[in-house]
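These notes concern the structure reproduced below.
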Amino acid sequence: MRRQLSAGVISGLGVSAAILTTLSILQLGVTTDMSELLVTPSQLVPFITEFMFPLVFALIIIAVGYWAWIEQRPESAMVRLAGWCVTGCLIIGGFEFLSAYSQFLSNTLNKTEWEVIRTLSSAVARGGVIGIAFGLFDIERGRAERRGEELERQVERLEEFASVVSHDLRSPLTVAKGHIELIRAEYDLDGDHLAHIEFAHDRMSEIIEDSLTLARGGSEVAEKEPVELESVASRAWQTVGGGDGLEVTEMTVSADPDRLQRILENLFRNSFDHAGGDSQPSLENPVEAEAQLPDGSGQPADSVDVNVSVGQLSGEETGFYVEDDGPGIPPEDRDEVFEAGVSGAEMGSGLGLAIVRRVAEAHGWSVSVTEGSEGGARFEFHTDPE
């Protein structure tokens, strides 16, 4: 009901302005030779601005009223649109009315009745169009705000869902791994079958953790602090079980230290995962894979020969890079390596680099991959993309 009433108000204003403008044109035809007016430039321009423009504005208002009737928008939006239209008409039309009324009271009004009517109808038409313009802007702004709020709610629900699912999945995995240890200790078993099961459990735990991080990583970093890159890189290197192959240039980055460490951990793991080239272990041979990974944790062993350097971007660029001396990433694959599910390593979950990009964007950074000085992969983080 409110939609129809709002549409009727808008259309009614447009129809009223159109009728008054049309009557003014007809009255002008009675007192003026229209054929002479239309061929005389000095008279044609005022005729267009004083008569035709208001008529066009009135027709626009009528068309908007019809649109408000059929458009599937919330009724509240159409009510606001009608309110803006009426407000525009009252402000512009009221100003012209008060101006004419003050001239009438002071006996300085030098217009005929039809000229006053034409002036008022023109003001109403202009005011209605201006009000509609503001109303449409207000509706779209409100729509964008609602979309943003809904997106935030969806992100919150996604994070909650990811937390619940990861917890529910971790619990049985922890129980199963505990029973594996009990079986191994009680029966003194250390065969391939238990290695298969234990390795699969570790891989599932890693995938769960990556999925949870990916779901949470996109939330904007609200508070940043100065972080020593060397300190964070060293902690990340120790976490992934690196040896002596890390070289870090001293610099300070404004970031969330925990999320920055997550970025570096994933990049270091990526370097180790690809250091062996085509000889990557796979889930089809978990015994071999576990022999190459310490404690079956999915982390690279010290024996993997890879060197990683972390430092500041050169020149006028602001940011830092992470570069290794591994096989690198082919140019044709660089555009898609940050997509979730894309992995160049057979054991990879395909989420590591997706997490890197998600966390970088949460900081307001941009990340790209290119070829390093030793032919390996070089990830560049621009902390001031603009």
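When both residues are 6+ apart or on different chains and their Cβ atoms are under 7 Å apart, which pairs have a first residue that lies in the stretch 265-286 and is surrounded by fewer than 23 Cβ atoms within 10 Å (Cβ to Cβ) and in a loop (DSSP other than H, G, I, E, B), and a second that is among the polar types (S, T, N, Q) and modelled with pLDDT under 85?
281/292
Mind checking which residues of the stretch 223-260 are without any contact (Cβ under 8 Å) to a residue 12 or more places away in the chain and assigned to a helix (DSSP H, G or I)?
231, 238, 258
(1) at pLDDT below 90; (2) surrounded by fewer than 19 Cβ atoms within 10 Å (Cβ to Cβ): which one isn't true of residue 289, the others all being true?
Going through the list (1) at pLDDT below 90; (2) surrounded by fewer than 19 Cβ atoms within 10 Å (Cβ to Cβ), residue 289 breaks only (2).
Of the numbered conditions (1) free of Cβ contacts under 8 Å to residues at least 40 places away in the same chain; (2) surrounded by 13 or more Cβ atoms within 10 Å (Cβ to Cβ), residue 128 satisfies every one except a single condition; which is it?
So residue 128 meets the others, but not (1).
Output the number of residues of the stretch 110-125 satisfying the condition of being touching a Gly at 6+ places or on another chain (Cβ under 8 Å) and over 15 Å from residue 56 (Cβ atoms).
1
Out of the residues in the stretch 292-325 that are hydrophobic (A, V, I, L, M, F, W, C) and at pLDDT 85 or above, which is farthest from the chain's Cα centre (by Cα)?
308
The values are calculated or read from the model by the stated rules, or taken from the named source; none is laboratory data. No experiment lies behind these values; they were computed from the predicted model shown. Counting neighbours? That spans all protein chains shown, and the Cβs are built from the backbone with ideal geometry, glycine included.
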